[in-house]
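The values are calculated or read from the model by the stated rules, or taken from the named source; none is laboratory data. Owing to the predicted nature of the structure, the values given are computational and were not obtained by experimental measurement. As a convention, Cβ positions derive from the backbone with ideal geometry for all residues, glycine included, and neighbour counts pool all protein chains shown.
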Amino acid sequence: MDGQQIYRRILTPLARRVPTMKAKDMQKWREEHGHSQASLAAALEISSRQIMRYEMGEQVIPKAIELAMRSVPDRKGGGRWPGK
């Protein structure tokens with residue numbers, strides 16, 4: 001079994017079982033922490049278009065992005081991580 005087959009047969013089904021951040025939670029977090037889509041995208045080193053896709057629910061927010069958001073500093077203070 002090659003790497004692609006392992007990914008498709010094992011990792012993809014497992015990833016579907018891991019709860020991920022919802023689109024509305026990402027937008028709420030971003031707004032509470034004073035970030036625009038562009039500033040959050042810059043902090044995560046992804047495109048602002050990708051942030052928009054996540055917030056509109058067009059794509060599932062990867063667990064890696066959700067975890068990376070924990071290290072993004074507040075721009076206005078306050079706000080709370082939605083998972084806590």
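The figures follow:
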read-out: Residue list for segment 19-40, restricted to those being out of contact with any helix residue (DSSP H, G or I) (no Cβ under 7 Å at 6 or more places or on another chain) and hydroxyl-bearing (Ser, Thr, Tyr); value: Ser36, Ser39
read-out: One residue from Gly57, Gly34 being of a type outside the set (S, T, N, Q), at positive phi, in contact (Cβ under 8 Å) with a residue 40 or more places away in the chain and not in a helix (DSSP H, G or I); value: Gly34
read-out: Residue match in segment 29-43 (condition: closer than 17 Å to Lys76 by Cβ, of a type in the set (Asp, Glu) and either surrounded by 12 or more Cβ atoms within 10 Å (Cβ to Cβ) or modelled with pLDDT of 95 or more (or both)); value: yes
